[in-house]
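Working notes, structure below.
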Amino acid sequence: MYLIAQTEDYNLFLPTQKAKQHVEPLIAEAKQANLQYLSEHKPAAPQMRITGSFVYPHPPNYRGACTLHYGKNEWTDMLNRLKELGMDTIILQAAVWNELGECYYPSKYFTGFKTWNVVEPMLTAARETGLTVFLGGYGSVTGWDEKLNSNIIEQEKSSQSACYRELLKYRQFFDGFYFAPETAYCGTRNLHKEKFLNELYREFFCEIKNKTPDLQILMSPATKYFPDKMEEMKDSWRALLAGVPLDIMAPQDSIGSCGNQLLHQPETYRAWTEVCRDLNITFWSNIEIFERQDQLDGDSYNYTASPERVSCQINNAAAYAKKLICWEAPYYLGPDSGRKGAVLRNFLNKAGSSQHSLRKNSVLEHCGIS
């Protein structure tokens, strides 16, 4: 349900007309439901800070911040802005995008792809600024394919492994590995798909652990809420991750993309938490700090969400998640985000300063200094 379009000198996934007709009513429904929820719940300050963000060569499915031509200095400036927001972790979404035909580091394997050197200056800047880095590998839409077969999975395993092996030359510069292809439970179980994706995850993640046992692996699948289906969602993910050495699960809360709603966040968080507990996986939450426009026209159909909504997302997550990351600060909290971005940026900065003061006062009181 996507098409590939060229903008400037790179490609984007954009929704087809059929996809727009399906998604736009869901956007309207979710927006109305979230506004109703916010009207019924007293605004509260964020109980946690967002301390990590995705970064990228460019967003794969909309025109946002573009780093394709950044050198180390430009990356350093951007990463320092993230540190000022309280970030200590970045996740590069992907070093390769299969369907876009793009590679973001010098590669001997993906020679047919258009290539930019993004990974090297990003890693150098991140090391100098002291940020923890999860390096994304081979990106694809394989996880969304409902008709997987052995040939597709074998090709995916081969490409994932080739990219990972090439990225190991930068091993001293990154702390974890991000598995870029997303998927989601979509309302009914597809046992055929679960079997193939489990094979992919299990074999590829075991390869990573065999070569680099200390490298933590992170995934961030989407959350799609379906009434009375959370038990089935949990069973689906238990099957998908059986025998898979995954370290960190950071599901998208999917509030921005309208796959989920504020009212249902606690229920979905409980489900994710149970899956992670059963499989001994650390649970983070990926907070979506954007809002969809009513119509998905053009290639810039997202804008920065309101502080009230984001604060509610954070507080719904705080009871469950060990760490909060977001999609994504470089654009939605950056200099190109306009007034909405400045409002949310200032709100999160102020909330972070208040949390810091509370912690400091608590320590002083404990020590009998105040």
* Qualifying positions in the stretch 229-263 - under 30 Å from Gln295 (Cα atoms), in contact with a Phe, Trp or Tyr (Cβ under 6 Å, 6 or more places away or on another chain) and assigned to a helix (DSSP H, G or I) -> Met233, Leu262, Leu263
* Mind listing whichever residues of the stretch 63-92 are in contact (Cβ under 8 Å) with a residue 60 or more places away in the chain and either within 25 Å of Cys312 (Cα to Cα) or open to solvent by 50 Å² or more (accessible area, probe 1.4 Å) (or both)? => Arg63, Gly64, Arg81, Leu82, Glu84, Leu85, Gly86, Met87, Thr89, Ile91
* Could you say which residue among Leu92, Leu100, Leu79 is touching a Ser or Thr at 6+ places or on another chain (Cβ under 9 Å), under 28 Å from Gly136 (Cα atoms) and of a type in the set (A, V, I, L, M)? -> Leu79
* Structure fact -> Within the stretch 192-236, the count of residues that are over 24 Å from Leu167 (Cβ atoms), touching a Pro at 6+ places or on another chain (Cβ under 8 Å) and of a type outside the set (Ser, Thr, Tyr) comes to 1
* Inter-residue pairs, beta-carbon under 6 Å, first closer than 16 Å to Ser107 by Cβ and in the stretch 150-171, second open to solvent by 20 Å² or more (accessible area, probe 1.4 Å) and outside any helix (DSSP H, G or I), 6+ apart -> Ala162/Tyr109; Glu166/Ser107
* Of all strands (runs of 3 or more DSSP E) completely enclosed by the stretch 130-228, which ones contain at least 2 residues that are within 21 Å of Pro57 (Cβ to Cβ), modelled with pLDDT of 95 or more and of a type in the set (A, V, I, L, M, F, W, C)? -> 132-136, 216-219
* Kindly establish whether Lys108 is in a loop (DSSP other than H, G, I, E, B) and closer than 30 Å to Leu191 by Cβ. => no
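The values are calculated or read from the model by the stated rules, or taken from the named source; none is laboratory data. All of these numbers come straight from a predicted model, not from anything done at the bench. Note that we place each Cβ from the backbone using ideal geometry, even for glycine, and neighbour counts take in every protein chain shown. For accessibility, only protein heavy atoms count, side chains too; no ligands or nucleic acids. Shrake-Rupley method; radii C 1.70, N 1.55, O 1.52, S 1.80 Å.
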